[in-house]
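Trainee: This is the structure I want to talk about, given as structure tokens.
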Amino acid sequence: MRGLLINVAIATVTFFAITLAWRGTGDLTTAGFSAVVFALIYGAIQVGIVVFRGDKT
């Protein structure tokens, strides 16, 4: 599960950076909220994959 946490954290930070660059306004609140929502959805999908397929690590 530690690998899952690292994977979600890296994806979320990348999404946050891309969101800031895409919007170009520097609005940290909106980008942060979008990153939190992304982390929740992405994490749920990753946990679902681990539950249904099994942990390969």
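The values are calculated or read from the model by the stated rules, or taken from the named source; none is laboratory data. Just so you know, these numbers come straight off a predicted model, no measurement behind them. Don't worry about glycine lacking a Cβ; one is built from the backbone with ideal geometry, like all the others, and counts go over all protein chains shown. These accessible areas exclude ligands, DNA and RNA; they are computed on the full protein's heavy atoms, side chains included. Shrake-Rupley method; radii C 1.70, N 1.55, O 1.52, S 1.80 Å.
Trainee: Within the set of pairs 6 or more residues apart or between chains, which connect a residue that is closer than 17 Å to Gln46 by Cβ inside the range 6-19 to a residue that is of a type in the set (Val, Ile, Thr) and exposed (fewer than 12 other Cβ atoms within 10 Å of the Cβ) with Cβ atoms less than 7 Å apart?
Mentor: none
Trainee: Quick check on this structure: which one of Gly48, Gly54, Gly32, Gly43 is on the phi > 0 side of the Ramachandran plot and either open to solvent by 100 Å² or more (accessible area, probe 1.4 Å) or of a type outside the set (Ser, Thr, Tyr) (or both)?
Mentor: Just one listed residue meets the conditions, Gly54.
Trainee: Inspect the range 3-10 for any residue being touching a Phe, Trp or Tyr at 6+ places or on another chain (Cβ under 8 Å), surrounded by 15 or more Cβ atoms within 10 Å (Cβ to Cβ), in a helix (DSSP H, G or I) and at pLDDT 85 or above and give the result as yes or no.
Mentor: Yes: one or more hits.
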